[in-house]
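What follows is calculated from the coordinates using simple rules that are stated; it is not laboratory data. The shown structure was predicted, so the numbers you read here are calculated from the model rather than taken from an experiment. All Cβ positions, even for glycine, are placed from backbone atoms using ideal geometry, and neighbour counts span all protein chains on display.
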Amino acid sequence: MSVRTALVLHGPNLNLLGVREPSVYGRVTLAQLDRMIREHARRRGMRVECRQSNVEGQLVDWLQSAQGDGFGGVVFNPGAFTHYSLALRDAVAAITVPVVEVHLSNVHGREEFRRHSVIAAVARGQISGFGPQSYLLGLDALAALARARR
C-alpha cells in the first residue's frame with residue numbers, strides 16, 4: 001500500500017482554532033494549519049485533502065468513503081468525539097486504510113475525561129501534545145506504515 005494521498009479530518013470546534021482557548025490550542029488558525037499540512041505533505045511527495053466538520057455523521061461518511069475516494073490513509077483529529085463517539089470508533093474499525101489519531105494538546109495531561117479515547121484502540125496509533133506538529137507527525141507515521149508494508 002502506498003500513501004501518496006492522505007485524508008486529514010478535523011472534528012468539532014477545530015474550525016475555531018486560533019480563537020478558541022489559545023492557551024491550550026495555540027494561535028494557528030485552521031486555514032494556517034491546513035497550509036502547513038499541505039506543504040509538509042508536498043515535501044514528502046504526498047498530496048493531502050483537509051476537511052473539517054462539526055457533524056459526527058459527516059465524519060463517519062468521510063471515513064467510510066476514504067479508500068473508495070483513493071486515500072491511502074487518514075490523519076484524524078476527532079476533537080471531543082474522541083471520548084465518546086462509538087459511531088466514529090466503529091467507522092475507523094470498519095475501514096481498511098490506516099488511521100492515525102492526532103490531537104493538538106496533550107490529552108493525557110488534561111482533564112480526566114479527556115484521557116480516554118474510544119478511537120485509539122482501533123487507530124494505528126495516537127499522537128498528541130505537539131500542537132500543529134502532531135498532524136505532521138501523523139502524516140509521517142502514515143508514510144512509515146506504507147514503507148513498512150512494501
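Compared with the alpha-carbon gap, the fully stretched path from Met36 to Gln64 is longer by 7.5 nm at 0.36 nm per residue.
Here's the picture: a label point sits 7 Å out from the Cα of Asn106 along the beta-carbon direction, and within segment 1-34 the residues with their amide nitrogen under 20 Å of it are 21-28. For GluC sites (Glu not before Pro), the sites in segment 93-150 that DSSP calls loop and that have at most 15 other Cβ atoms within 10 Å are Glu111. The alpha carbons of the chain stretch over 40, 32, 25 Å along the principal axes, in descending order. The Rg/Rh ratio for segment 70-116 is 1.01, where Rg is the radius of gyration of the alpha carbons and Rh is the Kirkwood radius. Approximating the spin labels as points 7 Å out from Cα along Cα→Cβ, the Ala80-to-Arg4 distance works out to 4.0 nm. Using Cβ point charges alone (K and R +1, D and E -1), the dipole size of the chain about the Cα centre works out to roughly 640 debye. Report note on the peptides 38-51, 87-100: ranked by the mean count of other C-beta atoms within 10 Å, highest first, their order is 87-100, 38-51.
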